[in-house]
Structures are given as structure tokens and as C-alpha cells.
Amino acid sequence: MNPSVYLKDFLSLLVKRTIGAIGVSLGTITIIFLISHVLSPNPARLWAGPRARASTILAVQARYHLNDPLFLQFYYFLRDLITGNFGIDPLSGQPILAEIRFYLPNTLELVFFSFAILVVVGIGLGYMSGMRFSTPVDSMIRTIYLASWSTPMYLAAILGILVFATYIPIFPSGGMYSLSLSPVRSVTGFFLVDSLIELNIPAFLSGLQHLILPAVVLAAVNFGLISRAVRSSILNVRWSTYVKTARAKGLNEDEVKRKHILRNALIDATSLSAVLFGWVLTGTVVVEELFAWPGLGQFAFQAIYSNDYPVLIPIVVVFTLGVIIANFVADVLYSILDPRIAMGAQTGAIS
Amino acid sequence: MGSILQMKFRLGRAAIGKMQGILVIVVLLLVIAGGVYFYSSNRPGTPSTTTQAPTTLVVEEESQPDSMDPAVSYATSGWEVVEQVYQGLLAPNGQSYTTYVGVLAQDWTVSADGMTYTFTLRPGVTFSNGDPFNAFVMWFSIYRTLVMNQGPAWILGQNLGASNGAGFNITDSILNSINYTSPSPRDLNYMTYPNQSVQVIGPNQLIMHLGYGYNGQLPYSSFLATLSTPTAYAVDPIVVEANGGVLADQPNNWMETNAVGTSFYKLQSWIQGQSVTLVKNQDYWGANLPASEENSAIQPATIDTVNLYYKPASTMVADLKSGFAQIIVAPTSQYGVLSQVQGVSVSVLPPVFGSAQGVHFLYMDPYAFQPFQDVRVREAIANAIDYKSIIHTVFNDQATQWIGPVPPGFPYYNESTTGLQPYQFDPAMAANLLAQAGYKAALPDGTKLNPGGKIFPAVNFLYDADSSTEGQTAEIIASELGSIGITVTLTPLTFKQYANVITSTSDASTTPYPFGISFYSEDYTASIDYVSAITTSPQIGFSAYSNDTVAGWTTAAASALDENTVISNFSQITKAMYYDYTDIWLYVPYFMTANKSNVIGMIPNPAGSGAAYFMFYNTVHYSP
């Protein structure tokens, strides 16, 4: 493909997706805002405390414009969001932006680690299953991924804790690092990265030890979809004409598998992986709560529980953006892996 | 493009080229895990997952603190930390909840009319950063709570106010302008002015004048109890001023997450969502006190480090079993499981400590649901419930039935309830009362009463969805009411939503939740705290009960200085509410303690928020 056409298509897709992202974010914010207000039209008492005096409640109402009409409240809220001033958390008294800055890197660290496990294990098992079609190995792998796929996240987390933190205590049951360690200076906000920057190996190892179990649980309930997709793709291509041709040309089996089977099988898996990134991101709400992982998911859980919608809405925006970006990356990867498919901005789906 | 793809496939080949690649990765992960585990468990000074160094205590509970600021924190988990880092003038005397010991106050006297409290402060007290504590600091701290006007401010606001109602008004700008280390004459004018709530007499002496709060010009017999809460703890004005100062009606962001107090522990870290770490205050002023002046509330800490983790109940139980945690706050439902675990001590505390969990009762809002205006309907409901069965089935007998509003175990409970029996289960009487009220009803044997009567309209029944015990209780009550002819629609809400409804002050006649389970748990340890919350809420708020006469008795009890008047008023309130049946007293759950057997020294107190049943960690230690 002509690079300039490719770039044009890419930019066009970027613009479209950005506009779409704004629309989706606005829609999400509106829905969450309305639902929150229906559930608790005036949460001032909840935020002020059960026996707070009228003057205390009035102060909270004034601060969060709770006595204004709903559309005005929404306006104030949008204005704050757009200007990057997410306001003050009514329950903790902290700037919401600062809270998100604290929690987000912890979540991303968990998600990236989990995602790496998910992709490697998912593709690997899918490949093995496809290449050993109709063998006991295939059956076993299919059983594993179906079982994991159908396991609720909370159950997997509890089982993980029970087995690997209680009966075979090789991992901690929760938290992000051992409290006996000196705190690591925050540079990037990512604990593992910061501990490496500081060359603080005990902190790094402690962080890793705390990270493995929640990351594996997150990956375990999500890898099945990739395995299934890879297996399905392998089955589609392994007996195709071009693979036969490749073998007939005398290519060795390893090369055939790698270049002609796996590569094509990876197209679907790669785009699916990007979508799964969004799933893993939103899955942190349950996993972080159960593993006492101080991330955005846990923060969201607490905000939902506490009717803390000034906090909940920015979190939802972050999650929404994460899912939108993941989908965008999926589109881009798809076109990179399969040059037959352009990004379709001007020329349609197939060029 | 091609080179990118080639590179990707070279990487792909390395990672996943063959089945062995997967195995290698899995093995690598296991090796990393094993290595990390081995390293962590063998590194000196690092608590392992199976054994804990005796200088460190790991405590686990579900909720993390709401705030580190004594003027803002209003949750048990927040007070738990605040009580270890900050100190107030006084504290409950060991297990007693009616007597107090001096903490920052060495001594105090009360005037004959109960309106004036004079405190002599302990000399030589310093904050953990070295800043001095004195009467000016205490003056600042009390007014700061009142001016900030956050959730718990009402506890002090009942009797103290920032304004004297006659032109003298302490504002945030005044608080921020005063030099508390070397006050100027102008500063002293403010702090020593006599007609105000807190008056400084000298660097180590101050007077609190009651009557400037919303209770009006009345004494308050439980005033010391209110002063023992974190709302009256001393904060360092130098630290506050250096970090944003005081803002009227607003919290201070810095103080929300940081803490500098005078107490035996220092806040080392609060990793939000994960843990709080407290370390021993090495410069603690109380370490130098002569033994004759020491008491349990001020003695230096024994354990060097207290790690508080915030985890789900399932994880806590697992951690106590594995030895990672030494104390957990577990629900009573885990009693059977935990009592079987070797090396774990589990005990059920007397009912007075159950107040930390709350007293539970049914409320019936006659403003929002017309049938509740008929006392026969309310009495029928009181008779339709099998209380003993609920306590047995839902709580495994780890709860007690009670008669409110004075909580069992608290002062004057026995005197208030003399001659009364807890409500009894009598379904036949319940059906008859319902029939007399004009509704169709059914006896336990199925006999229909008043078949030509009205069908009792279905009514929503509110309860806390996050509480399994309330859920089970609600189902039992719904079934029992159904059997006499009352249909209820169960309407659970999450705790926060539920709490918002039962504390609402404005929708008594329009609420969709006119019936349900309510509860109250203390803000400070005093019978009057419960009684006033339950009797002076003219809305659903806690009780749906509104009666001006009873409210008057409550005020009389609150301000009475002699026991007989208190008892007399509490007795009248109890009887009036008992025969009114607007509130049906259900149960008070017992509180369960769960800790490793070698951890001792916890002093239970109803005011306790440390692991929800003791106040201070300084007395906790490992047995030799």
C-alpha cells in the first residue's frame, strides 16, 4: 500500500474514532449521571454523615450544587470535567484528579501484566489445541478454556486466594507490596518501574510477588476467548491450499507452521486481544476489590458503593477511554497484520 | 511495514514458537513466584506469610478509613487510626464507659450547675514533630472542628458553638491569624474572652462553657463522653496552617491523608485502598511519665508497627488461619469456623459491646403508610414476629432481644425497662388485632378472621442488602407477616443507600420505604446518644417516631444532673414507645473477637473502634 494513502487512512480513522470517543464518553457520562441522580437525588446527607446538622448538609449541597436544577448540575459537572478539574471527592476531601493519578498506574500495571499472561497463554494454548485437533490434548485444552471462560471473576479470585495464599501460601492474599518495605519514591506511579528506577530489588520482588496472583486470575478468566479464536483460525488455515502449496514447495514444517499457519491465525487473535484489553481493564473492579489492590477498579467499587458519583463518573470516563483506545488499537493492528484490509476510511473495508 | 512484521514474527517465534515455549513460560512464572517467596520469607525483618515478627501486628478489616482528620473522620475505621495518632483531653477508663481518665488533661472539675468544665492540661506534652501542646492548641482544635462543620461536628455542636449568639464569632480567618506559640495581645483577647465555648485561662488551663450549642442553655450529663471522641482531639495549628489552614465548612485536603498528633503511634503510610501503617512514636511524651500518672490510654505502645489491611471477609479469615494476620474483624457467622482453628482465640463479647454493631428495630412510618396510624396494626406486627427464632436461626443465638431506646448493657437500661418484657411472639393475638383493625386476617391454624374485611395493602419493607443477617431477618419477618395477612414487598438497598434513607429528614410522608429494619450505633458512649437519635427524629430518620412529649423527656434526661431524673425520664420514654409500637425492638448482635491466641492486651470498650471493640493499640502485645 502507498504509505501516503495509508497515513491518510490512518489519520481519517483517528479523527473518526476521536469524534466517536467523545460521543461515547458524553453518552456514558450522561447515563451514569442520570442513574446516579435517580438512585440518590440528594446525597448530601450521605456525604455529610448520618447525624450531620442542617448547616453541614447545606454546606455540602452548596458545594456540589445539589439544590440546582439537574441540567445545571450536569453543566457544572461537564465544565469541571472538560477543564480537567474533576473537583473534590465529597467523601475523602481529596482532589479527584489526584486520586485518579494515584490509582490509575496501579491498575495499568496489573492490567499490562495480566494482559501479557493472557495473550501468551491464550495464543499458546489455542495454537496447541488447533495443531492437535481431535486429540486428548485438544480436548483437555478446550475443557480448560471453557471452564475458565465460564468461571465468574469473583469465584476465580476467591479460589485463587484460597489455594495460593492459604493452602499453598506462595502468594500474599492482597495488597500491592509488603508494608515492611520502605516506600518507593513515585516517579512514574508504576510501582515495579519505580522500584527498578530506584534499584530497590526487595521492593521490586515484593511488588512482583503481590502482582502475580491477581494478574493470573484476571488472565485466567479471559484467555479462553483468544484460545478459541486461535484454535478456530488454525483449523481454518492448516488444511488450506496455500499451506499445502508451501509444503509442496519444500518448506520445512517449522517454517510452514510459523509463517503460514500461525501468522494467519494471529490476525483474529491480535484484534481480539485488543478488545480483551478493555475487558481486563473493566474486570479490575472485582479483582482489585478482592485482592485489596489499590487501583482504579477498587476505587470505582467503593464509589459505586458510596454513591460517590462525582468520583464515579471520571472513573467511568477513564475506563471508557481505555476501551475506546483498545478498540482503536485493534483496528490498527488488524490492518497491519492483514495488508489486504485497509483501515477503510475512504476505500471501504477491503482494498 | 514488512520489517515490522518480520520483527513481530521473530519475537513471536521466540515467545510462542512451540508448545515448549508455553511450558517454559509457565515454569518461569513458577520459578519467579517461588524465588520471590523464598527471598521474601528469608529476608531479615520481613514478615513472612506464615510467621510474624513479634514487633509487628497485622490487623485486617473490611473498610478503610474515611479520613485522617479528627474533625472530619466519622467512620469506625477512620477513628481507629485517628485514636492511635491523635489524643484528646480524656478517654474512657479501661473497660468502663461511664468513667474517664485524663489524657492531655491532667485533671478537671465540673461546676455545680453542670455548665462549666475546667481542665488543667498535662505539662510537657508535644506533638510527634516536637511542636508543643498547650491550652491555645486545644482552643484552636475545638473551634477548628466547629468551624469546619463536617459530618461529626454535631457531637461537639450540641453544647459548644463558634458563635456566642451575641456578636462574638470565631471564624476561619480568626483561627488562621492567631499565633498559638506566642500569642499577641489581640490573639489572647480572642482566646481568653469569657463568654464563649472554650476560654483559655492560662497556657495549661482552659474552661469549656456549655450553652452555646444547639442544645441551648442546658447542661449535658454526657459532655465528657462527647469530648472523648476524635472530634475533640488536639491537632497541631502549626501543621494545619502550613498546609492550607482552616476553611469554614470545608475539609483540609492535606489533613485528610496526613496526621501529626501527640499520641503513642505515628502514621507512617496510608496506601489508599490497601493499608495503613502505624509506627511507634519514639519521642512520645508519655514515655517519661511517672508510673503514678500512667493509665491505659496514655501508656507507650508495646508493638513497634501496626499494619492495618483492608480486605474482604473471606480473605481475612484465610489470613488469620494462615498466620499472616493476628487480628481480624470477622462477622459472627464465622464463629463456628474460626473457633475450630488451632492457635486462634475467638470470643463473644457481652451485649454492651454489641453496640458497636448497632441496635436493630423495625420502624413503621405512619405518615407515609396510612394503615400504620392504627395502633392495633402496629401491635399486631409486634406480636407476629418470632424474635427467639430469628436470634436462633439468623444469629446462632449470638444476639439478644432488647427493649429500646436505651441500649442493653448501657447505664439505666435495667431501670428503664423494669416491669416490661421484650415483645413476644403471639400469632393468634396478632391475627385478632389485625382483624379488629378491619383487615382480613388468618390464625396459625388457617382459620380466617374478618373475611369481609379489607385486604391489608402491600407495603415495601426496607433492609440493608449488604447485611446477610438483615436479609435473613427480613425474609423471616415477611413470611411471618404473610401468614397473618400482611403482605410485604422486600426492598433491599445497599448499605449506603439504606443509610441515606433511614437518616433522611425530609420525606416522612412521601418515602417509598415506610416499613423496614432500622438500626443505630453509637457516636459516643452514652445512653442519651441512642435515645435522642431514636426519639427526636420526626421522620423515618432511625425510628419514624415523633412525639413532642417524649422529645421533652429526652431533653430533660440529657440535661439532668441527678440519676433519678435521668432514670425517671428514660422510664417514661421506654414505656411510651413500648406501648406505641411504632418501633419494634428486634435484636442487638453480640460482637465477636478473633485473634491469634498469643496476641493479648486488647481492652474492650463500647467506644472502641480499634478492630471495632477496643480503642487503643498501645496496650496490645504478644504473650511471652
Test set (1) at pLDDT below 95; (2) more than 10 Å from chain A (Cβ to nearest Cβ); (3) in a loop (DSSP other than H, G, I, E, B) - B:Pro47 fails condition number: (2)
Looking for whichever is within 30 Å of B:Ile567 (Cα to Cα), out of contact with any Asp or Glu (no Cβ under 9 Å at 6 or more places or on another chain) and away from every other protein chain (no Cβ under 14 Å) here; the options are B:Tyr423, B:Tyr412. Which one fits? B:Tyr423
Within region B:240-254, is there a residue that is crowded, with 20+ Cβ neighbours inside 10 Å and at the interface with chain A (Cβ under 9 Å from one of its Cβ atoms)? yes
Can you spot a residue in region B:251-268 that is of a type in the set (Val, Ile, Thr), modelled with pLDDT of 95 or more and under 22 Å from the mean Cα position of the chain (by Cα)? no
Considering B:Tyr214, B:Tyr265, B:Tyr193, which residue is on the phi < 0 side of the Ramachandran plot and either touching a Ser or Thr at 6+ places or on another chain (Cβ under 7 Å) or crowded, with 23+ Cβ neighbours inside 10 Å (or both)? B:Tyr265
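Conditions tested, residue by residue: (1) farther than 30 Å from B:Gly343 by Cβ; (2) hydroxyl-bearing (Ser, Thr, Tyr); (3) away from chain A (no Cβ under 14 Å); (4) assigned to a strand (DSSP E or B).
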position	(1), (2), (3), (4)
B:Pro54	no, no, no, no
B:Val59	no, no, no, yes
B:Pro65	no, no, no, no
B:Val72	yes, no, no, no
B:Ala91	yes, no, yes, yes
B:Gly94	no, no, yes, no
B:Tyr97	yes, yes, yes, no
B:Thr120	yes, yes, yes, yes
B:Met138	yes, no, yes, no
When both residues are 6+ apart or on different chains and their Cβ atoms are under 8 Å apart, which pairs have a first residue that lies in region B:319-337 and is at pLDDT 90 or above, and a second that is among the acidic types (Asp, Glu) and assigned to a helix (DSSP H, G or I)? B:Ala325/B:Asp319; B:Ile328/B:Asp319
Output the helices (runs of 4 or more DSSP H) that fall wholly within region B:412-486 and possess 2 or more residues being of a type outside the set (Ser, Thr, Tyr) and in contact (Cβ under 8 Å) with a residue 40 or more places away in the chain, or say none. B:427-436, B:468-484
With respect to the numbered conditions (1) within 9 Å of chain B (Cβ to nearest Cβ); (2) part of a helix (DSSP H, G or I), which one is the sole condition not fulfilled by A:Leu91? (2)
Subset tally (residues that are surrounded by fewer than 16 Cβ atoms within 10 Å (Cβ to Cβ), more than 10 Å from chain B (Cβ to nearest Cβ) and either aliphatic (A, V, I, L, M) or not in a helix (DSSP H, G or I) (or both)) for region A:133-150: 7
Search region B:403-416 for residues being in contact with a helix residue (DSSP H, G or I) (Cβ under 6 Å, 6 or more places away or on another chain) and hydroxyl-bearing (Ser, Thr, Tyr), and hand back the single one that is surrounded by the fewest Cβ atoms within 10 Å (Cβ to Cβ). B:Tyr412
Go through B:Gln421, B:Gln436 for me and flag whichever is within 24 Å of B:Ile573 (Cα to Cα) and at pLDDT 95 or above. B:Gln421
Matching residues in region B:371-427 - criterion: being under 30 Å from B:Ala225 (Cα atoms) and of a type in the set (A, V, I, L, M, F, W, C): B:Ala399, B:Trp402, B:Ile403, B:Val406, B:Phe410, B:Leu420
Among the residues of region B:361-375, write down those that are more than 33 Å from the chain's Cα centre (by Cα) and buried (at least 18 other Cβ atoms within 10 Å of the Cβ). B:Pro371
Would you tally the residues in region A:98-134 being out of contact with any helix residue (DSSP H, G or I) (no Cβ under 8 Å at 6 or more places or on another chain) and either at pLDDT below 90 or farther than 30 Å from A:Ser227 by Cβ (or both)? 4
Checking B:Asp236 against (1) buried (at least 20 other Cβ atoms within 10 Å of the Cβ); (2) within 14 Å of chain A (Cβ to nearest Cβ): exactly one of these is not met. Which one? (2)
Looking at A:Val311, is it more than 10 Å from chain B (Cβ to nearest Cβ) and within 13 Å of the chain's Cα centre (by Cα)? no
Determine if region A:68-76 includes at least one residue that is more than 10 Å from chain B (Cβ to nearest Cβ), in a loop (DSSP other than H, G, I, E, B) and of a type outside the set (Asp, Glu). yes
B:Ile298 within 14 Å of chain A (Cβ to nearest Cβ), under 30 Å from B:Asp131 (Cβ atoms) and in a loop (DSSP other than H, G, I, E, B): no
Count of region A:105-132 residues which are over 22 Å from the mean Cα position of the chain (by Cα), closer than 17 Å to A:Leu272 by Cβ and within 11 Å of another protein chain (Cβ to nearest Cβ): 2
So which of A:Leu192, A:Leu155, A:Leu162 is in contact (Cβ under 8 Å) with a residue 12 or more places away in the chain and outside any loop (DSSP other than H, G, I, E, B)? A:Leu192
Surrounded by 22 or more Cβ atoms within 10 Å (Cβ to Cβ), out of contact with any Cys (no Cβ under 8 Å at 6 or more places or on another chain), under 20 Å from A:Thr284 (Cβ atoms) and more than 14 Å from chain B (Cβ to nearest Cβ) - does that describe any residue in region A:166-189? no
Scan region A:285-308 for residues that are under 17 Å from the mean Cα position of the chain (by Cα) and either assigned to a helix (DSSP H, G or I) or aliphatic (A, V, I, L, M) (or both) and jot them down. A:Val285, A:Val286, A:Val287, A:Glu288, A:Glu289, A:Leu290, A:Leu296, A:Gly297, A:Gln298, A:Phe299, A:Ala300, A:Phe301
Residue that is surrounded by the fewest Cβ atoms within 10 Å (Cβ to Cβ) [pool: residues in region B:318-343 that are over 30 Å from B:Gln282 (Cβ atoms) and within 9 Å of another protein chain (Cβ to nearest Cβ)]: B:Ser322
What's the number of the condition A:Leu208 fails, among (1) surrounded by 22 or more Cβ atoms within 10 Å (Cβ to Cβ); (2) at the interface with another protein chain (Cβ under 10 Å from one of its Cβ atoms); (3) closer than 22 Å to A:Leu104 by Cβ? (1)
Can you confirm whether A:Leu281 is at pLDDT 85 or above, buried (at least 21 other Cβ atoms within 10 Å of the Cβ), touching a Pro at 6+ places or on another chain (Cβ under 8 Å) and of a type in the set (A, V, I, L, M, F, W, C)? no
Report those helices (runs of 4 or more DSSP H) wholly inside region B:161-238 carrying at least 1 residues which are within 13 Å of B:Phe136 (Cβ to Cβ). B:172-177, B:185-192
Going through region A:94-104 one residue at a time, which ones are of a type in the set (D, E, K, R) and either more than 10 Å from chain B (Cβ to nearest Cβ) or buried (at least 24 other Cβ atoms within 10 Å of the Cβ) (or both)? A:Arg101
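The values are calculated or read from the model by the stated rules, or taken from the named source; none is laboratory data. This is a predicted model, so every value here is computed, not measured. With ideal geometry, Cβ positions are generated from the backbone for all residues, glycine too; neighbour counts draw on all protein chains shown.
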